[in-house]
Amino acid sequence: MEIVHLNQKQLAVRWRISEACLERWRSEGIGPRYLKIGGRVLYRQIDIDAYEESCLKISTSQAVVGYVPSNKRSQCSAA
């Protein structure tokens, strides 16, 4: 099985968020796991899929895993 990686720009495009948002998330411990190799940040597809799976909700009343209070949230806007 081939391991697929996305760089920061590719993931930002996929999720329609800014690269700066992903940078903030990394510094705050939010978002998918990532690799840092030789100064490059890479996200494994398997970690992106796992993070997306953890964000799936059935209803608005369902508890949010990894909830960050509104006063601590990153100010990330959709692209």
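The values are calculated or read from the model by the stated rules, or taken from the named source; none is laboratory data. Nothing here was measured: the structure is a model prediction, and the numbers come from that model. Every residue, glycine as well, gets a Cβ built from its backbone with ideal geometry; the counts of neighbours run over all protein chains shown. Heavy atoms of the whole protein, side chains included, go into the accessibility calculation; ligands, DNA and RNA do not. Shrake-Rupley method; radii C 1.70, N 1.55, O 1.52, S 1.80 Å.
For this structure, a couple of remarks:
- Answer from Ser74, Ser18, Ser70, Ser54 - the residue that is touching a helix residue (DSSP H, G or I) at 6+ places or on another chain (Cβ under 8 Å), modelled with pLDDT under 95 and hydroxyl-bearing (Ser, Thr, Tyr): Ser74
- Note on the stretch 11-31: residues that are farther than 17 Å from Ala50 by Cβ, assigned to a helix (DSSP H, G or I) and not small (Gly, Ala, Ser) amount to 6.
- Within the stretch 12-33, residues that are open to solvent by 60 Å² or more (accessible area, probe 1.4 Å) sit with their Cβ atoms under 8 Å from residues that are outside any loop (DSSP other than H, G, I, E, B) and polar (S, T, N, Q), at 6+ positions apart or across chains, in these pairs: Glu19/Gln8; Glu23/Gln8.
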